[in-house]
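The values are calculated or read from the model by the stated rules, or taken from the named source; none is laboratory data. Since the structure is predicted, the reported quantities are computational estimates derived from the model, not experimental observations. With ideal geometry, Cβ positions are generated from the backbone for all residues, glycine too; neighbour counts draw on all protein chains shown. Each accessible area value is taken on the protein alone, full model and side chains, heavy atoms only, with ligands, DNA and RNA left out. Shrake-Rupley method; radii C 1.70, N 1.55, O 1.52, S 1.80 Å.
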Amino acid sequence: MTSLVEVYTKGTKAWFTDEVEAWVSATCISNNSSDKVKLIFQSDADDQKTYEFEASLEDIKKNNGATLPPLRNPPKLEYNDDLTNLSYLNEPGVLNTIRTRYMQRLIYTYSGIVLIAVNPFDRVALYDPDTVQQYSGKRRGELEPHLFAIAEDAYRCMIREQTNQTIVVSGESGAGKTVSAKYIMRYFATADDQESVGKRKKTDGSMTEVEEQILATNPIMEAFGNAKTTRNDNSSRFGKYIEIQFDDAANIIGAKIRTYLLERSRLIFQPDSERNYHIFYQLCAGIPNSEKKRFDLGPYSNFHYLNQSGTGTIPGVNDADEFEVTQRALSTVGLSVELQWKIFQILAALLHLGNIQITGRGDAMLNEDDPALVTATRLLGLKTSEFRKWIVRKQIITRSEKIVTNLNPTQANVVKDSVAKYIYANLFDWLVSVINDSLSCSDPSLVATFIGVLDIYGFEHFKKNSFEQFCINYANEKLQQQFNQHVFKLEQEEYIREEINWTFIEFSDNQKCIELIEAKLGILALLDEESRLPAGSDQGFTQKLYTNFDKPDFKQYFKKPRFSNNAFTIAHYAHDVQYESENFLDKNKDSVPDEHMSLLQGSEFEFLKEVLEKAANANPVPTPQANKRMSMMARKPTLGYIFKQSLINLMDTIGNTNVHYIRCIKPNESKVAWELEPNMVLSQLRACGVLETIRISCAGYPSRWTFEEFADRYYALVPSKFWDPSGQPVVRELCSAILEKTIKNEDKYQVGTTKIFFRAGQLAYLEKLRTDRFDACATLLQKHMRRFIYRTRYVRMQHLALSLQCVARHKAAKAQLQVLMDHKAATVIQAQWRRYTDRKAFLNKKQVVLQLQTTIRGYLARRDFSSVRETMAAIQIQRVVRGWFARRYVQQQTQYVVLLQSCIRRRVARKHLISLRLEARSVDHFKDVNYKLESKVVELTQKVTGLLREKKTAEDQVTQMENQMRAWQDKHERLDKRSKDMADRLLLPTVPRPEFEVLQQERNDLVKENNDLTNKLNRQTDEMAKLAEQLTSEQEHSARLEAQLETQQARATDEAEVTQLKQQIAGLKAQLAQVMNTPRQNSSNNLRSLSPGEALGRDRSVSPGPPRSNSIKPLDDQLTNYSPHRKARRNSAADAFVDRPKSSIDNIRKAEQLSKNPRPTSLAFFGSLLGGKAAGTTFEIDGTPEEVMVAILRDEDNLHDEILEGLIRSVKMPLPNSQTQSSTKEVFFPAHIIGNIVKQMWLLGYMDESERLLFSVMDTIQKQCLSFSGEDAIVPCAFWLSNVHELLSLVCQAEVELQREMNSKGTWQEFEKLIATIKFEMQCLEDNIFHAWMKETKKRLSKMIIPAVVENQSLPGFITADTGRFLGKLLTSHTPVSMDELLGFLNKLTRAMECYYLEQAVITQILTELLKMIGISAFNDLLMRKNFCSWKRAMQIQYNITRVEEWCKTHGIPEGTLQLEHLMQCTKLLQFKKNTLEDINNIYDVCWILSPTQIQKLISNYLIADYESPILPEILKAVADHVVSGDQSDVLLLDSVAIDNTTNPFEIPMPRATKAQQYLPAWFNLPRLRRLMSAMEPTTD
């Protein structure tokens, strides 16, 4: 026992009882231990107050130290979220932990398998959808304690073990049971399980109809079963058990509700400051005027059942709005509006029943004209006289007769109230049964498992306790017994599973108390027996209790009060409760007179009859047994019997399920937010069994650590050779070494297979050893550091002394050196001075001599220069004079000649001007001249084109004629032979003469025709030669005429005349075009006859627009009526051969160019290389380009197949490359090919066909993009998104270009509708591709954010691990995602968008959305992490954020860094000091973007390192005080970026200024497209 006392060393903290705070902390200042122990403690709250403990060692040994002051846990453990992890698991430690966490606004705490929930009496941001998704899929213990964690644990157990689950939510009134149960059901309905196979995904947060109906039961049950009490504004006045049913795939398919013990007496009476059931106040406030008049309703104050307490409103609650909510909920569960008003009719009738005025002194009197009576009976469908009769009278049935007697007013009021209670109770039961019928699964075989939520009343103990409290406490006794057995069972199973030595743990069993209540001769049996006696009374019931239980066996549980004969006391597990027996019998019988029963069952209101019949069927009358006692009469079951049976069934259900517990605690009586009364909380902890759980745990091994956690925490208690990572230590051996060295008594711990179990207090002892070890290490470090510091100081002083000596010697030497230098300097100065004076005298003399010489020489030079200048001046004067005379003569002669020429030229010019004016005035003449010139140009051009085409036609005709001639020659030979035969036959007498003449005539005709054809062929050959010569001459003549025309046009000076002439020229060109097409009439008609003539009669248009008008001809008509007068192409037949290679050398050169080009070759280049035909192309159509296009476009099915299969599905997209970027034509060739085809179809009038083609293309592109998933979707989605926008741009350009032509044809309106439909569909397609792409990108990114940004540790020197510094290498088995992978993913995405020429606005929008997802996901995850928020982690995360910010700046999106501001400020907060209030103020200044709730959450989750001081409670309270209740902007989690969210619109950029290109890669084996593009090239050119 000395070891128990030795723990109380100086500085040890312990707890002492206090009347106000329940327990207060004190610090040990003295420990005097000998035979008698004396401990002196000083209060931590008041330094002047001390506590003393005195006891002998024998007394301490006798009670095993139970009387010693409970020890306080270390500061680091006081904030633990699981009470079972406390070192000292005692009552004050539990209370202090709950109080400390509550002051931090943390309302949930684990206690083993129990979740303790303390009511905050305030709105907290803990139940939003983002929080639901945070807990979905997480194991219990990963995040902070929460009722969602309990719900998720139950859900996972149900899936994993395929067993039913039960969540028991208990607590006293006002503790928050109803709200907790409501949020648990909402969790099951809204949580999105991404792991279960077959589970329906909630993509947009929506719920199924069954899930909505389950949630709709909450407002219904609250309206009809909840009321305002002194303890709670929304107190449940009944118990309920909701079974949420699941199928094999864990989908909710139904639900079932069971209720227990509705408080019927509340209908007729409410204490002060309380209310009746909510539905009555809602009905009075929200009923429409028409129904209000029909039901004769008014304010709640007009009704006796509602105005007794003087309270009719709840602050912050609008009953009218709540009535609408209730109505919507009733409609949701399947109750029609008509049926709802029938329910409200009964409720209104009950209110009027309460207003019936019963008077009289002796006998009760009731006026037949009482308005309340008349209205109540009218609404209930009863006869007023009969109802009045049996209100004031009763009937007694004997064996021989029936006796009717009068009732006194009190008895009459009791009968009236019993009828009201009976009707309301039956209505409540009917409503529950209807809800069950609506919610339960229609096919019970589909129900695989269920999760039950039990919202049951907690233990109640008032000043006056009646029958309701007795039943409630009886239920809690049963639940507590089951709870104790469950905890004990789990404890023993844990020991067996870990294979440790253990002995049976005793726990307090309340079976005796339960038998006292429910045994065959228990309290309930005696109550039923007394209730069935005609003369039974409450006093007789009490006396039976005294008689039966005044025995030694029940002395411990049943007590008789000293000062009352009408009460009895039961010693419950939580508290001794005294029950007043008054009205026990009436409440237990809960009977209605038979006369009223018959009257109600005969009601004219069919709905009331239905309600009563359904309730009677639900509670059938038990069959009487054949004995004397029961043969006399058959009574319906009493309320106590019904409650007992339902409770037994409930316990059987719970016993067959896996149970989870939530204990709700009410922190204070006045419902003040964030205020905690310790004594009140402590009493509830005792009542809800939490302390009993702790006691059971303490009896065994309450503290249990895994080997890894234990080794990581206490490795420092043994030498480093045991845990040196280089020696590959075994964790189990390391733990054994620690235990052997620290704990000598092996009974204090047990080593299991995966955990180590410790007795109570052992962890605190190990913590003390660990602290001492670290203190010793710190002392050793301090010793060596001080030695190092003083030695460094000595070395520095020694070095300083030597330095001073060196400086002094240096000064002396320097002074001596200065003297020598001065002497040397004086000598040098003297020498230099003497040299200077002598040199100065010499220079002066030299200067005088030079100056004299200069003066003499200057004089002589000036004299010579003056004479030379005079001579030169005379010569110059002579030259100028002679020149002037010569120039004057020339100028005079020139003027005479020019004057003469001017006169002559002026005369000639005037004559010419007059002729020009006359000629200019003659417009017809000028027109004739121009017309002749234009005619010559047109004629020559026409002749050139016509000759070329006629040459080709003639060649073809010559070939045909040669073939025909050979055929005719053969025919001629046959005919000649035949004619000879016929001539021979004619010689015979058997041949008739007429037949011979006919044959002879045929022969002559054929010979003549043959000769004609031969002559014609010769003539055409000659004509072709002449035409070739004429063509050459005409070309030369045309060139001359064009030169003359340009000269003539240059002379025109009048702009108006020039404009008029140009218009005439344009008209002449139009006439020329008609003339040029005239010779082609025959050839075009011949080709037309070669075209297929099938009609396309089917209409395959998918356009949503109106039907096309007849102005646009079908494809057959376009082909048959192909007009030869269409606009002529600008290129001639000769131009088609310009690009062809002229020789084999050209072919070789082009092949070399092709081999040097690594990219696909265009159609024009590849076609010219192969002599006009593409490689591998076997598709050939003869005819003009227009006819080829028409023929290909007619074959719609094959064209669609090539476009959809070859151009879209099987396209080889150019892969993004950071070194060489693909050209625009290599990226956009699908869009340009489709755009060109569609534009050509519009030119030909194929509107329906173009629409079908575009819709097929868009549908195929969308399916192609949706077929990719994950990271594979980046390239195709970016490629097709850019191509679709390019195609949209081409459509917009075609709309502008074709507007004039469509207007001329009169089809613009129809074309405009088609274009509008196509543009809208393309924009929708862009939006669909964008959102599908973003969905797959977000899916991939969501799996990388947390491992890369939050968990990745790439900053050296600040690495920390969950498993410890020294054992991380041994226990880490997975490779996390690095930041390089995340940035690589972003690089790949950006590279794809840039290489496919997506607009910068689109790139910015996509990257900003992804960066927002990174910032919000990482922030929310870090905010919800437990034991993860440390300053080292903050350094790592900040480094990761910095890398992302650098990436944003490098890629030109600095605004993207704003999306990471929350996460950046979060890391700053974790790195700040938190020791003083000034530090907290600095945090709020720097972290301005974080809400107070977020700051409070981060600080409360902050993981304190071993070398850091714990955050003081006053600091935590100051942080919690910053949280303002009701602030809508103060949120905990940021709104997450949903992966499947499509509400964020895609900002479609403006159409591009692009130019259509004729480019088809060479590797395409698409003969029709290649031929079509070849035919379109001349038109495009």
Residue list for region 479-503, filter: in a helix (DSSP H, G or I), of a type in the set (A, V, I, L, M, F, W, C) and open to solvent by less than 20 Å² (accessible area, probe 1.4 Å): LEU479, PHE483, VAL487
Positions within region 563-583 being surrounded by 14 or more Cβ atoms within 10 Å (Cβ to Cβ), more than 59 Å from the chain's Cα centre (by Cα) and among the polar types (S, T, N, Q), in sequence order: ASN566, SER581
Region 463-492 residues that are closer than 17 Å to LEU115 by Cα, paired with ones that are open to solvent by 30 Å² or more (accessible area, probe 1.4 Å) and of a type in the set (Val, Ile, Thr) (beta carbon under 7 Å, 6 or more apart): VAL487/ILE113; LEU490/ILE113
Filtered residue count, region 743-768, keeping only those that are closer than 18 Å to VAL718 by Cβ, part of a helix (DSSP H, G or I) and either open to solvent by 50 Å² or more (accessible area, probe 1.4 Å) or touching a Gly at 6+ places or on another chain (Cβ under 7 Å) (or both): 4
Among (1) open to solvent by 50 Å² or more (accessible area, probe 1.4 Å); (2) more than 60 Å from the chain's Cα centre (by Cα); (3) not hydrophobic (A, V, I, L, M, F, W, C), the one test that TYR546 misses: (1)
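Name the residues in region 32-66 that are open to solvent by 40 Å² or more (accessible area, probe 1.4 Å), more than 30 Å from SER1500 (Cα to Cα) and either in contact with a strand residue (DSSP E or B) (Cβ under 6 Å, 6 or more places away or on another chain) or part of a strand (DSSP E or B) (or both), would you? Full working, then the answer.
So the first thing to find is which residues in region 32-66 are open to solvent by 40 Å² or more (accessible area, probe 1.4 Å), and the list is 32-36, 38, 42, 44-50, 52, 54, 57-59, 61-64, 66.
Restricting the remaining residues to those that are more than 30 Å from SER1500 (Cα to Cα) gives 32-36, 38, 48-50, 52, 54, 57-59, 61-64, 66.
Scanning region 32-66 gives ASN32, SER33, LYS36, LYS38, LYS49, THR50, GLU52, GLU54.
Quick one: which residue in ARG99, ARG123 is at pLDDT 90 or above and open to solvent by 20 Å² or more (accessible area, probe 1.4 Å)?
Checking each option against the conditions leaves just ARG99.
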So LEU1533, is it among the hydrophobic types (A, V, I, L, M, F, W, C) and within 27 Å of the chain's Cα centre (by Cα): yes
Odd one out for LYS201 among (1) open to solvent by less than 40 Å² (accessible area, probe 1.4 Å); (2) at pLDDT below 85: (1)
Hey, THR1363 touching a helix residue (DSSP H, G or I) at 6+ places or on another chain (Cβ under 6 Å), open to solvent by 20 Å² or more (accessible area, probe 1.4 Å), modelled with pLDDT under 90 and in a helix (DSSP H, G or I) or not: no
Positions within region 728-742 being open to solvent by 80 Å² or more (accessible area, probe 1.4 Å) and of a type in the set (S, T, N, Q), in sequence order: GLN728
Residues that are among the β-branched types (Val, Ile, Thr) and either on the phi > 0 side of the Ramachandran plot or part of a helix (DSSP H, G or I) (or both), drawn from region 278-302: ILE279
Residue that is hydroxyl-bearing (Ser, Thr, Tyr), at pLDDT below 85, more than 21 Å from ALA615 (Cβ to Cβ) and surrounded by fewer than 18 Cβ atoms within 10 Å (Cβ to Cβ), where the choices are SER466, SER508: SER508
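Assess whether GLU530 counts as being touching a Gly at 6+ places or on another chain (Cβ under 6 Å) and either of a type outside the set (Phe, Trp, Tyr) or surrounded by 15 or more Cβ atoms within 10 Å (Cβ to Cβ) (or both).
Working: touching a Gly at 6+ places or on another chain (Cβ under 6 Å): yes; either of a type outside the set (Phe, Trp, Tyr) or surrounded by 15 or more Cβ atoms within 10 Å (Cβ to Cβ) (or both): yes.
In short, yes.
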Conditions (1) touching a helix residue (DSSP H, G or I) at 6+ places or on another chain (Cβ under 9 Å); (2) of a type outside the set (S, T, N, Q); (3) under 26 Å from LEU71 (Cα atoms); (4) open to solvent by less than 70 Å² (accessible area, probe 1.4 Å); number of the one not met by MET680: (1)
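Being touching a residue at least 24 places away in the same chain (Cβ under 8 Å) and open to solvent by less than 20 Å² (accessible area, probe 1.4 Å) narrows it down to one of VAL1291, VAL1275, so name that one. If you could, list the steps in order and put the result at the bottom.
On the way: VAL1275 fails: open to solvent by less than 20 Å² (accessible area, probe 1.4 Å).
Among VAL1291, VAL1275, only VAL1291 is touching a residue at least 24 places away in the same chain (Cβ under 8 Å) and open to solvent by less than 20 Å² (accessible area, probe 1.4 Å).
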Residue check, LEU820 more than 30 Å from ILE738 (Cα to Cα), at pLDDT below 95 and either open to solvent by less than 90 Å² (accessible area, probe 1.4 Å) or not in a helix (DSSP H, G or I) (or both): no
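Determine, yes or no, whether ASP1182 is of a type in the set (Asp, Glu), farther than 30 Å from GLY1384 by Cα and either outside any loop (DSSP other than H, G, I, E, B) or at pLDDT below 50 (or both).
In short, no.
On the basis of being of a type in the set (D, E, K, R), surrounded by 13 or more Cβ atoms within 10 Å (Cβ to Cβ), touching a strand residue (DSSP E or B) at 6+ places or on another chain (Cβ under 9 Å) and more than 19 Å from ILE113 (Cβ to Cβ), does LYS560 make the cut?
Numbers: of a type in the set (D, E, K, R): yes; surrounded by 13 or more Cβ atoms within 10 Å (Cβ to Cβ): yes; touching a strand residue (DSSP E or B) at 6+ places or on another chain (Cβ under 9 Å): yes; more than 19 Å from ILE113 (Cβ to Cβ): yes.
Yes: the conditions hold for LYS560.
With the condition kept exactly as written, say whether any residue in region 356-371 is assigned to a helix (DSSP H, G or I), open to solvent by less than 60 Å² (accessible area, probe 1.4 Å) and not hydroxyl-bearing (Ser, Thr, Tyr). Spell out how you get there, then give the answer.
If we filter region 356-371 for residues that are assigned to a helix (DSSP H, G or I), which is where we start, we get 371.
Keeping just the survivors that are open to solvent by less than 60 Å² (accessible area, probe 1.4 Å) gives none.
No, region 356-371 has no match at all.
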Total residues in region 1501-1521, condition open to solvent by 30 Å² or more (accessible area, probe 1.4 Å), farther than 20 Å from THR1467 by Cα and under 35 Å from the mean Cα position of the chain (by Cα): 2
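Check every one of the helices (runs of 4 or more DSSP H) wholly within region 1416-1503 and list those with 1 or more residues that are among the charged types (D, E, K, R) and at pLDDT 90 or above.
Result: 1431-1450, 1461-1471, 1477-1486.
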Hits in region 64-86 (condition: farther than 14 Å from TRP15 by Cα and either free of Cβ contacts under 8 Å to residues at least 40 places away in the same chain or in contact with a Leu (Cβ under 6 Å, 6 or more places away or on another chain) (or both)): ASN64, GLY65, LEU77, ASN80, LEU86
Odd one out for SER235, checked against (1) under 25 Å from GLY174 (Cβ atoms); (2) open to solvent by 10 Å² or more (accessible area, probe 1.4 Å); (3) among the hydroxyl-bearing types (Ser, Thr, Tyr): (2)
Exclusive hit being over 30 Å from ALA1575 (Cα atoms), crowded, with 21+ Cβ neighbours inside 10 Å and among the β-branched types (Val, Ile, Thr), set VAL1444, VAL1486, VAL1531: VAL1444
